[in-house]
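J.: For reference, the structure I am asking about is given below.
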There are 2 protein chains.
Amino acid sequence: MSLLDKPIRKKRIVVLGAGFAGLTFCRRFRSEFAEIILIDRQNHHLFQPLLYQVATAGLSMPEISRPIRSILSRRKNVTVLMDEVTGIDAENKQVILKAQKEPLAFDYLVIGLGAQNDYFGHPEWEAHAPGLKSLDDAIRIRQNLLLAFEQAEITEDPETQRRLLTIAVIGGGPTGVELAGACAELARVILRRDFRRIDPEKTKIILIEAGDRILSAFDPELSAEAEKQLRRLGVNILKNEPVQSISKEQVVLKDLTIQAGTILWGAGVRGNPLAAKLGIELDSKGRIPVRADCSLNQHRNIFAVGDIATLKDGLGQPVPTVSPAAMQMANHVARIIRDEIECRTQITHNRPSFVYNNKGSMATIGRAAAIAQMGRLKLKGYSAWLAWLFVHLIFLIGFRNKAFVLLQWAWSYFTYGSGSRVISGMDRTFRIKPFAVNPASRVDELAQMENQNTGSGI
Amino acid sequence: MSLLDKPIRKKRIVVLGAGFAGLTFCRRFRSEFAEIILIDRQNHHLFQPLLYQVATAGLSMPEISRPIRSILSRRKNVTVLMDEVTGIDAENKQVILKAQKEPLAFDYLVIGLGAQNDYFGHPEWEAHAPGLKSLDDAIRIRQNLLLAFEQAEITEDPETQRRLLTIAVIGGGPTGVELAGACAELARVILRRDFRRIDPEKTKIILIEAGDRILSAFDPELSAEAEKQLRRLGVNILKNEPVQSISKEQVVLKDLTIQAGTILWGAGVRGNPLAAKLGIELDSKGRIPVRADCSLNQHRNIFAVGDIATLKDGLGQPVPTVSPAAMQMANHVARIIRDEIECRTQITHNRPSFVYNNKGSMATIGRAAAIAQMGRLKLKGYSAWLAWLFVHLIFLIGFRNKAFVLLQWAWSYFTYGSGSRVISGMDRTFRIKPFAVNPASRVDELAQMENQNTGSGI
């Protein structure tokens, strides 16, 4: 009997999560001997690097998100299910889903469930300092930010006004820096002419960093440059200030208590809690330890890719939790699985190791302000920002036409387009009236709204 | 003493509502002897004629809404307050606002608060058949529509699937026709390739009209043409079928009960309930009766404009509740008030009467399908649709650059752009998990979500 006579059963690959890792896997994996089932609890893929722009009303939702189904509509071997994972039975090779009565069997499992905000053991802080991981987070932050200006405009109490016009951003990593820079632009440039009773330019933006410099993953020279650029935008930077506690509109530091109408969290992330369903030991950040080929030690047919995985690559270097690494890992795993399926071999123990190709990193600070580091090349200011723009355009996978997005960006750049400053979801989804009778209870309501909306969080 | 020596006190004009009427007034009124305070509970103006496209995922929010502040940012004499009106004291010339301790005094009051959905004495229907008046309505309808497809894809019960893939639209006026046509395009064209287990082309769309023809405000010939165009898109039209009752996913007609996963209401509107605060007698549709100059009989310094007003114009013809009428009325009132303020005359009883200039009406049915009637000129199909496109572009006041919007539309037209099909607000604002364990309770949850979100309605 020759190989060609052997009956072929299609292998089933189940992919969890349609982030950069999961989606790259589905786009890259091609084999007629396999079917892919992609599970995500949202119907859209999110271009997370630009999420901070939605939160600060610079871009609108559809510009950075796209339905998973339409990205994959031409891939007939991919079935997308909008569902939630409730269990992973590694021994019996099946995934338990919320909406399916029967468990979903798999030959291979690719876990790309990403990361969530990490409040360092203080989950109660989340209610007062929302982080930025999902589209809903971004929309909520945008609502809070814009409502703070609206409320400051109608209040007569100068102290309330001062509090409402203070924004505290916790964490001096790329997310915190981007948020602080974008908040500064929102207040000082975009909203400048829009109010009559308050002066948005007086908004105080405070970036709080526990370490001794911001953007510590970059070269110290670039950190210093980023600080300079942020200060030019009017951001106050507090360094060596670990946060002691956060409560309603209040951040407590060592010797200082900050009253702020808006508090944003950009200080850290940990693996998606679903990782615990595997029943194996995770690292201190809740991530799944994998071999150099990205598969689990105990289960060679299960792979973890992207921010939920922790590994040292084939050269022994730890792989950072950034989107290029997630996409490279997904490509690597797609190649391994395809080879094993197409060659109809058993799962091999000689798989190639993943090697992370670090093409550089960049952080954007504001319009025409950024830093970038590619090997020895360091860029600052306008040139770094152009590089940032270029890279983000290249990687906007499947997002309309790239030329069109560029046009849209160019348009917003020159006009400070205002469409995304619309506050929606007030009258129904939040189910509170926008304002109460006096400033004090108005602030209460804002906090209540915040609570309501984080109650179902992590 | 000459006129010039008389001391001048700036008159204060309070405008309620930033719809077509209120906003047109603020943009048109120019006098250095007056200050305007514009009150709206939302922060944005809405281009309502295109709202159905947001509900059916054709356009996204920022394309049809814009912050009021940014539209009026250069009008230094206009102050915008995001607040809610709780009372109108016509005798003492003041408005009571929720967030302001002191009542707001006015010399002139312009009421442009618009209309709300009318459920003909059955407010309990709203929970099951949402109407389309605000951005939040539209987003909610879009979520329900898209979730119905997602749930149909994962359910295994054919009856549940059939119900989820049935959309009932109640009311054969322009709103109902636009919604039915857009739903048909969404299911049959846009989502066609996106699912693996269901065939979106099998979606059943039923348009229910109580009278004997749809679009009864148009010439019968055009009604017939619209029906033909709708049928071509695959819409079932039921005529002479007044709705007997609506409950969860069920519409009861005379001899027929329709099970539908999505029920949409486009059957009628009535004046904003705030009209009752005036303490005068309203018409049967809750609208404010005004004189031919748009002012109240009892209070000549209070005007009602747009959909909240009911009047016969200077030629004795009733003014329809459409946006061109609202804008014309606002212009008329702006001229009256400016004349009285600039000439420093007392309020005169010889004001000019408003005369409605009917430039025609149009209804759009789908991509490249519409009807239009301008005097004796009747247009159908592509030419009517081009006229519709042209008119809507002209009147997109203040919405980015019109050429840019045209470009965006052209782009969507050729590519069926997918950005706006993103479901947001699921994990936090709705606070329910997308799906339950079995199809029956899944449907319950959907209904529950619906209930939660209409609980705070009218």
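J.: Got at least one residue in the range A:99-111 being of a type in the set (Asp, Glu), crowded, with 22+ Cβ neighbours inside 10 Å and within 13 Å of another protein chain (Cβ to nearest Cβ)? Steps first, please.
T.: Going through the range A:99-111, the residues of a type in the set (Asp, Glu) turn out to be A:102, A:107.
Okay, now just the ones that are also crowded, with 22+ Cβ neighbours inside 10 Å, so none.
Within the range A:99-111, not a single residue is of a type in the set (Asp, Glu), crowded, with 22+ Cβ neighbours inside 10 Å and within 13 Å of another protein chain (Cβ to nearest Cβ).
J.: Let me ask you something else. Just one of the numbered conditions (1) over 24 Å from A:Ala325 (Cβ atoms); (2) surrounded by 22 or more Cβ atoms within 10 Å (Cβ to Cβ); (3) in contact (Cβ under 8 Å) with a residue 12 or more places away in the chain is not true of A:Gln94; which one?
T.: (2)
J.: State the number of residues belonging to the range B:275-284 that are in a helix (DSSP H, G or I) and surrounded by fewer than 21 Cβ atoms within 10 Å (Cβ to Cβ).
T.: At the first step, the residues of the range B:275-284 found to be in a helix (DSSP H, G or I) are B:275-278.
If we keep only those that are surrounded by fewer than 21 Cβ atoms within 10 Å (Cβ to Cβ) too, we end up with B:276-278.
Qualifying residue count for the region: 3.
J.: Which of the numbered conditions does A:Val169 fail, given that it passes all the others? Conditions: (1) assigned to a helix (DSSP H, G or I); (2) in contact (Cβ under 8 Å) with a residue 60 or more places away in the chain.
T.: (1)
J.: Is it fair to say A:Pro130 is in the same structural domain as A:Leu59 (by TED's automatic domain parsing) and at pLDDT 90 or above? Lay out the reasoning, then the answer.
T.: On the way: in the same structural domain as A:Leu59 (by TED's automatic domain parsing): no; at pLDDT 90 or above: yes.
Answer is no for this residue.
J.: Say we look at the range A:370-392 and pick out the residues that are small (Gly, Ala, Ser) and under 21 Å from the mean Cα position of the chain (by Cα); which of these is surrounded by the most Cβ atoms within 10 Å (Cβ to Cβ)? Break it down stepwise before answering.
T.: Taking the range A:370-392 first, the residues small (Gly, Ala, Ser) are A:370, A:372, A:375, A:381, A:383-384, A:387.
Still in the running and under 21 Å from the mean Cα position of the chain (by Cα): A:370, A:372, A:387.
Numbers: A:Ala370: 28, A:Ala372: 22, A:Ala387: 19.
So the residue we want is A:Ala370.
J.: Go through (1) part of a helix (DSSP H, G or I); (2) surrounded by fewer than 24 Cβ atoms within 10 Å (Cβ to Cβ) for A:Ile141 and report which single condition fails.
T.: (2)
J.: Has the range B:185-206 got any residue that is closer than 22 Å to B:Pro49 by Cβ, touching a residue at least 40 places away in the same chain (Cβ under 8 Å) and in contact with a strand residue (DSSP E or B) (Cβ under 8 Å, 6 or more places away or on another chain)? Explain how you work it out, then say what you get.
T.: Restricting attention to the range B:185-206, the residues satisfying the condition of being closer than 22 Å to B:Pro49 by Cβ are B:185-186, B:189-190, B:205.
Narrowing the set further to residues that are touching a residue at least 40 places away in the same chain (Cβ under 8 Å) leaves B:185-186, B:189-190.
In the following step, the residues that additionally are in contact with a strand residue (DSSP E or B) (Cβ under 8 Å, 6 or more places away or on another chain) were identified as B:185.
Checked against the condition, which is being closer than 22 Å to B:Pro49 by Cβ, touching a residue at least 40 places away in the same chain (Cβ under 8 Å) and in contact with a strand residue (DSSP E or B) (Cβ under 8 Å, 6 or more places away or on another chain), the range B:185-206 yields at least one hit.
J.: Quick one: which strands (runs of 3 or more DSSP E) lie wholly within the range A:285-398 and hold at least 2 residues that are in contact with a Leu (Cβ under 6 Å, 6 or more places away or on another chain)?
T.: A:361-366, A:369-374
J.: Determine which single condition B:Gly112 fails, assuming it passes every other condition in (1) under 30 Å from B:Gln298 (Cβ atoms); (2) in contact with a Gly (Cβ under 7 Å, 6 or more places away or on another chain); (3) in the same structural domain as B:Lys248 (by TED's automatic domain parsing); (4) not β-branched (Val, Ile, Thr).
T.: It fails just one condition, (3).
J.: Restricting to the range A:112-138, count the residues that are within 14 Å of chain B (Cβ to nearest Cβ), within 24 Å of A:Ala304 (Cα to Cα) and out of contact with any Leu (no Cβ under 9 Å at 6 or more places or on another chain).
T.: 2
J.: B:Ile141 is checked against (1) in contact with a helix residue (DSSP H, G or I) (Cβ under 9 Å, 6 or more places away or on another chain); (2) more than 11 Å from every other protein chain (Cβ to nearest Cβ); (3) free of Cβ contacts under 8 Å to residues at least 24 places away in the same chain and fails just one. What number does that condition carry?
T.: Exception for B:Ile141: condition (3).
J.: A:His299: surrounded by 19 or more Cβ atoms within 10 Å (Cβ to Cβ), of a type outside the set (Lys, Arg) and over 21 Å from A:Leu50 (Cβ atoms), yes or no? Outline the logic, then answer.
T.: Numbers: surrounded by 19 or more Cβ atoms within 10 Å (Cβ to Cβ): no; of a type outside the set (Lys, Arg): yes; over 21 Å from A:Leu50 (Cβ atoms): yes.
Considered against the rule, which asks whether it is surrounded by 19 or more Cβ atoms within 10 Å (Cβ to Cβ), of a type outside the set (Lys, Arg) and over 21 Å from A:Leu50 (Cβ atoms), A:His299 comes out as no.
The rows are residues; the columns are (1) within 14 Å of chain A (Cβ to nearest Cβ); (2) in a helix (DSSP H, G or I).
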{"position": "B:Glu156", "(1), (2)": "yes, no"}
{"position": "B:Gln161", "(1), (2)": "yes, yes"}
{"position": "B:Leu179", "(1), (2)": "no, yes"}
{"position": "B:Val189", "(1), (2)": "yes, yes"}
{"position": "B:Arg193", "(1), (2)": "yes, no"}
{"position": "B:Ile198", "(1), (2)": "yes, no"}
{"position": "B:Leu207", "(1), (2)": "no, no"}
{"position": "B:Glu221", "(1), (2)": "no, yes"}
{"position": "B:Lys228", "(1), (2)": "no, yes"}
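J.: Residues of the range B:238-274 being small (Gly, Ala, Ser) and either over 30 Å from B:Lys98 (Cβ atoms) or surrounded by fewer than 24 Cβ atoms within 10 Å (Cβ to Cβ) (or both), which ones? Please lay out each step first, then the result.
T.: Here is the first cut: in the range B:238-274, the ones small (Gly, Ala, Ser) are B:245, B:247, B:260-261, B:266-268, B:271.
Within the range B:238-274, B:Ser245, B:Ser247, B:Ala260, B:Gly261, B:Gly266, B:Ala267, B:Gly268 meet the criteria.
J.: Just for the range B:151-165: of the residues that are touching a residue at least 60 places away in the same chain (Cβ under 8 Å) and crowded, with 22+ Cβ neighbours inside 10 Å, which one is farthest from B:Phe47 (Cα to Cα)?
T.: First, pick out the residues of the range B:151-165 that are touching a residue at least 60 places away in the same chain (Cβ under 8 Å): B:151-152, B:154-157, B:160, B:162-165.
In the following step, the residues that additionally are crowded, with 22+ Cβ neighbours inside 10 Å were identified as B:151-152, B:155, B:163-165.
On the way: B:Gln151: 31, B:Ala152: 32, B:Thr155: 37, B:Arg163: 32, B:Leu164: 30, B:Leu165: 29 Å.
The residue in question is B:Thr155.
J.: Is it true that A:Ile206 is crowded, with 23+ Cβ neighbours inside 10 Å, farther than 21 Å from B:Asp83 by Cα and not small (Gly, Ala, Ser)? Don't jump to the end; show me each part of the working.
T.: Values: crowded, with 23+ Cβ neighbours inside 10 Å: no; farther than 21 Å from B:Asp83 by Cα: yes; not small (Gly, Ala, Ser): yes.
Against the criterion (crowded, with 23+ Cβ neighbours inside 10 Å, farther than 21 Å from B:Asp83 by Cα and not small (Gly, Ala, Ser)), A:Ile206 does not qualify.
J.: Mind checking whether some residue in the range B:6-14 is among the β-branched types (Val, Ile, Thr), in contact with an Asp or Glu (Cβ under 9 Å, 6 or more places away or on another chain) and at pLDDT 90 or above?
T.: Checked against the condition, which is being among the β-branched types (Val, Ile, Thr), in contact with an Asp or Glu (Cβ under 9 Å, 6 or more places away or on another chain) and at pLDDT 90 or above, the range B:6-14 yields at least one hit.
J.: Tell me which residues, restricted to the range A:49-98, are within 11 Å of chain B (Cβ to nearest Cβ) and among the acidic types (Asp, Glu).
T.: Taking the range A:49-98 and keeping what is within 11 Å of chain B (Cβ to nearest Cβ), we get A:54, A:57, A:59-84, A:86, A:96-98.
Scanning the range A:49-98 gives A:Glu63, A:Asp83, A:Glu84.
J.: I'd like the full set of residues that are among the basic types (Lys, Arg) and within 29 Å of B:Thr155 (Cα to Cα), limited to the range B:237-295.
T.: Pass one, the range B:237-295, residues among the basic types (Lys, Arg): B:239, B:248, B:254, B:270, B:277, B:285, B:287, B:291.
Once the filter is applied, which keeps residues that are among the basic types (Lys, Arg) and within 29 Å of B:Thr155 (Cα to Cα), the range B:237-295 yields only B:Lys248.
J.: Can you confirm whether B:Leu191 is of a type outside the set (Ser, Thr, Tyr), farther than 24 Å from A:Asn77 by Cβ and touching a Phe, Trp or Tyr at 6+ places or on another chain (Cβ under 7 Å)?
T.: Working: of a type outside the set (Ser, Thr, Tyr): yes; farther than 24 Å from A:Asn77 by Cβ: no; touching a Phe, Trp or Tyr at 6+ places or on another chain (Cβ under 7 Å): yes.
When the stated conditions are applied, B:Leu191 does not pass them.
The values are calculated or read from the model by the stated rules, or taken from the named source; none is laboratory data. Values in this document were obtained by computation on a predicted structure and should not be read as measured data. As a convention, Cβ positions derive from the backbone with ideal geometry for all residues, glycine included, and neighbour counts pool all protein chains shown.
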